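A.B. asks: Just dropping this structure here.
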Amino acid sequence: MLSPGRFSLLLGVLFGLTGMSTSAVTVALPQLAADLGITATGAVWMVSGYTVSLAVATPMHGRLADMIGIRAPLCIGIAIMTIGAATAALAPSFPVLMVARVLQGVGAAAVPVLATALVAARMEGRVRAGALGRIAGAAATLGSLGPTIGGAAEAVGGWRLAVAIPVLGALALPILYRASPSTGTGERMDWTGAALVAVAASGLVLLLQSPSTGAVVAAVGGVLLVVGAPLLARRIGRRPQGFLPRAIVTNRTVLRSSFAAAAIPASWFAMLLGVPLAAASWGWSPLHTGVLLLPAAVIGFISPTVARALLGRVGPRWSIALACPTAVAALLVGALGAAVGSPVLLGVAVVLVGIAFGVGQPAMISAVGGAVPETGRGVALGIATLVFLTGASIGAALVGGLAALIGIPGALCLLVVLPVAGFSALLIGGPDRAPAAAEPEPAA
């Protein structure tokens, strides 16, 4: 069995691969569009389709882990991610590519929530805090290296090789199979609740993606959200121990930590998209842009130490609170760098947002995992990760959709509202809530 340090590093690499499924392929979109005979705007759908399925499937994996243990959902999810990536790399047409990318997202959704649930199940105290920091550090490092690795893969083997990178995740299956718990509560799945979550979450994510994908997507997302959200709220009221347990979705710590932390990936993805757009306007190649992001990759190596120290000294709530102003500084420095055409300022901005991500993500997991009973930890982390990934969608959508209208500096400045709101949310209310007992099901 691997040591806790090596084991958490492995999980962090897997986490990073799910992010690279977006960051590494964006540089290959022009070649992909030309090869498959579609427009550049149409090619963006392969990114959106993956993001939507990744966010929507996350709570499902968390709930399944609570019911039957972590082993099956995690290993099956990674296998599905691998199959989806391989199929996308071999796709003969864009429709086949889209189906494969959605499948890949459904499988990859197991990694963010169940990797962290696995750490929460196997480790305690400072060991857990250090492991969560290493996971976030590895994920941030690979995310920063994504454009460089994707550009290099495209140069060597075309867009198909860049799309196939997540296939490497299959190498971790033997280790994860042996290390993952295989028992859960044994309760039955609330499939109606799961379907309503999928409808409402799909509507929300599609609506957030609409600035970069158009009015039709906005209309579909709005309808799904308007229909799904009230029905989901009614379901939670009637089934307090259903797919979304009422004790978890009303837990102040879960809601506050998830909302505040979601501003961090919003800022992170905004920078990952905004910096290449700015560099491309200067005539830079994808590889040159990747070099600009390399200093942020270095941050990934030191962020576990920083996160562990902060979690031990001030706790998860105030660690998130420190990450939010750091994200604000990153967005403002990035906006200034894009406005004056300064690669140095853009590099500093990516470093700052990398620090915020390396602290905020493990702090959110620690806060949520410590606020709910062990039997509900999987679904709680699934909900928190859904909110977290929704933040990423907001950042990417706003920069991708508004950059052409108000410019990259304007889009980055607009995003400052999110970490400011997140910081404000952390100041509201009393201390974090300790795990509460589960609510009983109402009598039939």
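A.B. asks: In nanometres, what is the gap between the two model label sites at R252 and A79, each 7 Å from Cα along Cα-to-Cβ?
C.D. replies: Result for the modelled spin labels: 4.4 nm.
A.B. asks: Follow-up. Calculate the translational D of segment 1-56 in whole µm² s⁻¹ from Stokes-Einstein, where the hydrodynamic radius comes from the Kirkwood formula applied to all Cα pairs, the temperature is 4 °C and the viscosity 1.567 mPa s.
C.D. replies: For these conditions, the coefficient is 99 µm²/s.
A.B. asks: Follow-up. Cα centroids of segment 125-191 and segment 217-289: how far apart, whole angstrom?
C.D. replies: 20
A.B. asks: While we're here: Based only on Cα atoms, what mean projected area does the convex hull of segment 213-304 have, in nm²?
C.D. replies: The orientation-averaged projected area of the Cα hull of segment 213-304 comes to 9.6 nm².
A.B. asks: Classify segment 228-363 as rounded, prolate or oblate, taking a ≥ b ≥ c as the square roots of the eigenvalues of its Cα gyration tensor: rounded when a/c is under 1.5, otherwise prolate if a/b is larger than b/c and oblate if not.
C.D. replies: It comes out prolate by the Cα gyration axes.
A.B. asks: Shifting gears a bit: For a quick check: with amide H placed at 1.01 Å from N, whose amide H comes under 5 Å from D190's, ignoring anything fewer than 5 positions away on the same chain?
C.D. replies: For D190, the qualifying residues are F243.
A.B. asks: Here's something else I'd like to know. What is the calculated FRET efficiency for T183 to L332, with r their C-beta to C-beta distance and R₀ = 51 Å, to the nearest 0.05?
C.D. replies: After rounding to 0.05, the efficiency reads 0.55.
A.B. asks: Could I ask something else about it? Determine, at each q value in 0.12, 0.14 (inverse angstroms), the log₁₀ of I(q)/I(0) that the Debye formula gives when each Cα of the chain is one equal point scatterer.
C.D. replies: Rounded to two decimals, the profile gives -0.94, -1.34.
A.B. asks: Tell me, Kirkwood radius of segment 291-345 from alpha-carbon pair distances, in Å?
C.D. replies: Result for segment 291-345 stands at 12.8 Å.
A.B. asks: GluC sites (Glu not before Pro) within segment 120-212: which are DSSP loop residues with at most 10 other Cβ atoms inside 10 Å?
C.D. replies: Here the GluC sites (Glu not before Pro) that fit, given the DSSP loop and packing criteria, are E124.
A.B. asks: Turning to a different aspect of this structure: Using Cα pairs closer than 8 Å and at least 6 residues apart in sequence, work out the relative contact order for segment 189-315, in percent.
C.D. replies: 18
A.B. asks: Work out how much length R126 to A309 would gain on full extension: take 0.36 nm times their residue separation and subtract the Cα-Cα distance, in nm to one decimal.
C.D. replies: Stretched fully, the R126-A309 segment lengthens by 65.0 nm.
A.B. asks: Also, quick follow-up: Between V113, V344, V420, find the one with the highest GNM mean-square fluctuation for the chain; connect C-alpha pairs within less than 10 Å.
C.D. replies: Ranking V113, V344, V420 by mean-square fluctuation puts V344 first.
A.B. asks: Next up: Assuming 0.36 nm per residue, please report the length gained on full extension of the stretch W191 to V216 beyond their Cα-Cα distance.
C.D. replies: 6.2 nm
A.B. asks: Given a 1.4 angstrom probe, what's the average accessible area per residue across the chain, in square angstrom?
C.D. replies: Per residue, the chain has an accessible area of 37 Å².
A.B. asks: Once you keep just the Cα pairs under 8 angstrom separated by 6 or more residues, what percentage relative contact order results for the chain?
C.D. replies: 23 percent.
A.B. asks: Treat segment 65-196 as a sphere of radius equal to its Kirkwood radius over Cα pairs and apply Stokes-Einstein at 25 °C in a medium of 0.890 mPa s; give the translational diffusion coefficient in µm²/s, rounded to a whole number.
C.D. replies: Result for D is 149 µm²/s.
A.B. asks: Related question: What helices does the chain hold that run 24 Å or longer along their axis, going by alpha-carbon atoms, with a Kyte-Doolittle average of 1.0 or more, using DSSP H for the helix calls?
C.D. replies: 4-26, 71-90, 191-213, 215-238, 252-281, 286-340, 343-369, 377-415
A.B. asks: A further question on this structure: When the chain is modelled as a GNM with alpha-carbon springs shorter than 10 Å, which of I38, I264, I80 fluctuates the most?
C.D. replies: Result for the chain, Cα springs under 10 Å: I38 fluctuates most.
A.B. asks: Towards the positive end of the charge dipole of segment 229-356, with charges on Cβ (+1 Lys, Arg; -1 Asp, Glu), say which of T305, A262, A279 has the farthest Cα.
C.D. replies: About the Cα centre, the residue reaching furthest to the positive side is A262.
A.B. asks: Please report the carbon-and-sulfur percent of the accessible area for the chain; probe 1.4 Å, protein heavy atoms only, DNA, RNA and ligands left out.
C.D. replies: 72
A.B. asks: Measure off 7 Å from each Cα along the Cα-to-Cβ vector at R238 and V340, then give the distance between these two points in nanometres to one decimal.
C.D. replies: 6.0
A.B. asks: Tell me what the chain gives for mean residue ellipticity at 222 nm when only DSSP H runs of n ≥ 4 count, each as -39,500 (n - 2.57), the sum divided by the residue total, rounded to 500 deg cm²/dmol.
C.D. replies: Roughly -28500 deg cm²/dmol at 222 nm, from the helical runs in the chain.
The values are calculated or read from the model by the stated rules, or taken from the named source; none is laboratory data. Keep in mind that what you see is a predicted model, and the values were worked out from it rather than measured. FYI the Cβ positions are ideal-geometry reconstructions off the backbone, even for glycines, and counts take in every protein chain you see. We work out accessible area using only protein heavy atoms, side chains counted, and drop any ligands, DNA or RNA first. Shrake-Rupley method; radii C 1.70, N 1.55, O 1.52, S 1.80 Å.
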